[in-house]
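The values are calculated or read from the model by the stated rules, or taken from the named source; none is laboratory data. Keep in mind that what you see is a predicted model, and the values were worked out from it rather than measured. Quick reminder, even Gly has a Cβ in these numbers, built from the backbone with ideal geometry, and neighbours come from all protein chains shown. Each accessible area value is taken on the protein alone, full model and side chains, heavy atoms only, with ligands, DNA and RNA left out. Shrake-Rupley method; radii C 1.70, N 1.55, O 1.52, S 1.80 Å.
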Amino acid sequence: MKRVFSLIFTTFLALSAAAQVSVIPKPNKVEAEEGRFKFDNNTTLFSNEKSSSNLEYLKALLVPATGFSFNTTKEGPADNYIVLDLSEQYGIDPGKENGLPKEGYILDISAKGITIKAADGAGIFYGIQSLLQLMPAVVYSGRSSGHEDWSVAALRIEDSPRFGYRGMMLDVSRTFFDAATVKKYIDWMAYHKINKFHWHLTDDNGWRVEIKKYPLLTSKGAWRGPGEVLSAAFGSGKTRYGGFYTQEQIKDIVAYAAKRHIEIIPEIDLPGHSKAVTASYPNVACDGNDTGLSVQGVGQNVWCVGKEANFHMLENIIKEMVKLFPSKNFHIGGDEVNYTSWDNCPHCQALMKKEGMKEHDELLNYFVRRMEAILEKQGKDMSGWDEILEGGKLSPNSRVYAWRSVAKGIESVTKGQPTIMMPGEYCYFDMKQSKEERGHNWAGIVTLEKSYSLDPIGTAKLSSEQANLIVGVQGALWTELLGWPVRFIDYQTYPRLAAIAEVGWTKPELKEWGEFYNRVVSSHFERMFHMGIAFRVPPPVVKFEQGAVKAELPYPWAVVRYTSDESNPTVHSPVYRGEIITDKAHKFRFATFYRDELVSQVVKPENAEYKYLKPVTTIITSMAENPKFPVKNLVDYKFETYFRSEKKIVAGDYLTYLFDEPVKAKRVTIETGIPNISFYGITEGYAEYSYDGTNYIRGDDFVRGTVVIYPQKAVKAIRLVASDTNDGHILSLQDLRIEE
Ligand code: TNX
């Protein structure tokens, strides 16, 4: 009887310990065991790996956090140890079942010691990552309080990834991130067992890699602003903006990533998205007088396919770059080519004729095939965005990155191409995370739950051969919107990358949203905090119902603070404890705080009456309207609808809101740019206001597209004036927010 009881009891203990393992991405098999391993000053490290890289990596985290010395031993220790045990024997070989797959590991923790077994260095590294996540979160920062319990529960994890490709893409062209930031970004990826870094190094708005043979690519093409060959973009305004990586810096970053078992796949975006090139070397562009614009509103940004010299230049660029990047794969972009450039170019037209092509996308395929050949000569396989499927066949080795939809990924594998699934609606971290937050929305709102719900193989009926062509999944951060605020890069990436990491690593049958979310908020927030990530903290949902303001906490122990005077909550604002009866719900503001340092988006109660005035207004403007976004959108007082100019604005362009009757307002907020995206606002300009409709008083200059006016008397008119062109190809304006 006693035995039975103790058996039940141990099983219970073991089960609950297994349930407490909150590692992200979730390991594929966890068995809890009895006891704990306690780290102390005599704990030794031993590794049989030829390279000391994993061992040093582990030690560099453990020593500062714990204060223990973690001496390394020459022989396998008998007690109180951490052993890294690498042997190819543990791998799958034809004669043996149940071996460890690539990147797999076994983490064994007993009271005596910790062993990580793997058949490759990456496996050892991932065993280390799981171990770190089982320890107090301060292990990542070294900011120990001195009260941490440096012990871990005994268990055995046997784990390996679902996909061999678990990636993250960062666009460093639109916003430039210095080498130190890129390294930090790589560190964070490694903590999540992400193993590919797709580095989007060039785009219209900046070329970011030093090429010795073509120095203008960076001396000119890496800079935008007044007097530069590239005009200001994305809020860079009147300052010179840019930067690039030297070849030495790139090598250093590639080596840094390799130590973290991350392969860097470079991308130079071709043949479109190439304004930085054509502005620096104008001969690269097509001849002919094309005035067409790319989707992003950039003209003359395409490599001419008809000029043979361009392929020599590309080969030279590739030759320098392959020396920097050992990856077998090289990404050449291929997306969103503005074909009017080729349509109007005599060289491209002559080439079409010569090759007997009928459609302009055949020119794209021609270009792509030439790039395949250039890369093949250097021993590389080509990768590109899903547009490269158009206009003809590809080499079977060419890898397609499906970004527009899951369907594009399916089309790609159906055509026999190795494919990375990264559909925007799940994987684009430049998309907004809720309606009110900044971000793009062309692929919808990408919540954490949405990212988590992706299954890269999914429900599509694929043959097993086709399914095998899906080599993995990737998150992406495009950075048109990331110049500000500070650390927005963290906010957009995390925790969504944690979700994609689990999509890429964990067997689908083990995934469960509610349980994942619980791991994120109860353990991973604290880890990310100590990793130094300013991640997105979820805001509360706040409603005004039956005379009371009620906040629903994003998780039960969330610290939500509020104000009742329209100001943003601070760490000194009261903590929300329960519903608040009020007749001024519209003045309340709420935010979730994480450890006083990270604050969520500030939210207002839903359903409260926001007293924006809606005076009858006439618009007078110097700008032609885009008929799809007409001037009348500015006077419907629906804040989602907005105005777009037909053309790029010039200094002196204006728009006046003329009220039928003077309006008494305590405050008028003028926001420009697309609502909640903040693209195409006024970057250089000011607001004026008038009490009589004739004489105007100059208000403030626009700062990040916004001006606030506090009128002394009833206002008759408000006018926005551009003192220079803005940095978009159009201007977008919104309804006035007029408060009584
Ligand atoms: C489309 S994704 C693009 C990028 C933009 C992005 C914004 C892709 C291959 N092209 O140039 O930055 O949308 O979400």
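Observations on the model:
- In the context of the full set of protein chains, segment 617-739 has a per residue accessible area of 45 Å² (1.4 Å probe).
- Under Stokes-Einstein, with the Kirkwood radius over Cα pairs as Rh, the value for segment 44-184 at 10 °C and 1.306 mPa s is 95 µm²/s.
- Residues whose amide H falls under 5 Å from that of Leu100, counting only those 5 or more places apart or on a different chain, are Gly91, Ile92, with hydrogens built in the peptide plane.
- Estimated from helices alone, the mean residue ellipticity of the chain at 222 nm is -7000 deg cm²/dmol (sum of -39500 (n - 2.57) over DSSP H runs with n ≥ 4, per residue).
- Note on exposure: Lys543, Lys511 ranked by accessible area (1.4 Å probe, complete protein assembly) read Lys543, Lys511, with the most exposed listed first.
- For segment 541-599, the Kirkwood hydrodynamic radius from C-alpha pairs, put into Stokes-Einstein at 25 °C and a viscosity of 0.890 mPa s, yields a diffusion coefficient of 212 µm² per second.
- Entry comment: accessible area of segment 165-530 is 35 Å² per residue, from protein heavy atoms only and a probe of 1.4 Å.
- Accessible-area ranking of Glu579, Glu625, largest first, probe 1.4 Å: Glu579, Glu625
- Phi-derived couplings, Karplus 6.51 cos²θ - 1.76 cosθ + 1.60 at θ = phi - 60°, listed residue by residue for segment 387-398: 4, 5, 6, 8, x, x, 8, 10, 5, x, 7, 6 Hz, with x used for Gly and Pro.
- Segment Ala255-Val602, extension gain: residue separation times 0.36 nm, minus the distance between their alpha carbons: 120.9 nm
- Approximate spin-label separation Ser622-Lys38, in nm, with each point projected 7 Å along Cα-to-Cβ: 7.8 nm
- Virtual spin-label span in nm between Lys319 and Arg595, 7 Å along Cα→Cβ: 5.1 nm
- Overall dimensions of segment 596-740, expressed as equivalent-ellipsoid semi-axes from the Cα gyration tensor (√(5λ), whole Å, largest first), are 22, 20, 16.
- Sulfur and carbon atoms: percent of accessible area, the chain [1.4 Å]: 52 percent
- Note on Ile250: accessible area approximately 0 square angstrom, rounded to 10, probe 1.4 Å, nucleic acids and ligands left out.
- Here segment 128-182 is treated as a Stokes sphere of Kirkwood radius computed over C-alpha pairs; at 10 °C and 1.306 mPa s its diffusion coefficient rounds to 104 µm²/s.
- Rounded to the nearest 10 square angstrom, His360 shows an accessible area of 60 square angstrom against a 1.4 Å probe.
- For segment 291-321, the residues whose amide N sits under 20 Å from a probe point set 7 Å from the Cα of Lys213 along the beta carbon direction are 303-321.
- When the P(r) of segment 190-250 is calculated, the portion above 19 Å amounts to 39% of the C-alpha pairs.
- Nearby lysines by direct alpha-carbon distance to Lys604 (threshold 26 angstrom, same-chain neighbours under 8 apart not counted): Lys432, Lys435, Lys450, Lys543, Lys550, Lys584, Lys587, Lys614, Lys638, Lys664, Lys666
- Histogram of C-alpha separations across segment 417-574, 5 Å bin width, %: 2, 8, 15, 18, 19, 15, 11, 6, 4, 2, 1, 1, 0
- Taken along its principal axes, the alpha carbon cloud of the chain reaches lengths of 93, 78, 47 Å, longest axis first.
- Most simply put, the chain has about 60% antiparallel DSSP beta bridges, counting only bridges with both residues inside it.
- Heavy-atom accessible area order for Thr656, Thr340, largest first, 1.4 Å probe: Thr340, Thr656
- The phi-based Karplus calculation (6.51 cos²θ - 1.76 cosθ + 1.60; θ = phi - 60°) puts the 3J(HN,Hα) values of segment 565-579 at 10, 6, 8, 6, x, 10, 5, 8, 6, x, 7, 6, 10, x, 4 Hz, whole numbers, x for Gly and Pro.
- A simple spin-label model places the labels of Ala548 and Thr582 1.5 nm from each other, with each point 7 Å out along Cα-to-Cβ.
- Extension gain for the segment Lys435 to Lys507, taken as residue separation times 0.36 nm less the Cα-Cα distance, is 22.8 nm to one decimal.
- Theoretical gain in end-to-end length, Val486 to Glu640 [0.36 nm per residue, Cα-Cα removed]: 52.8 nm
- Cut-off under 5 Å, modelled amide H: who pairs with Ile265 long-range: Phe197, His198, Trp199
- With R₀ set to 51 Å, the beta-carbon distance separating Ala651 from Ser405 gives a calculated FRET efficiency near 0.80.
- Convex hull (Cα only) mean projected area of segment 189-290, reported in nm² to one decimal: 8.0 nm²
- Within the chain, the cysteines lacking any other cysteine Cβ closer than 4.7 Å to their own Cβ are Cys427.
- Long-range amide H partners of Trp207 with built H, under 5 Å: Ala222, Trp223
- For Glu436, the accessible surface of its heavy atoms amounts to roughly 110 Å² (probe 1.4 Å, protein chains only, rounded to the nearest 10).
- Annotation: the antiparallel percentage among DSSP beta bridges lying fully within segment 165-530 is about 15.
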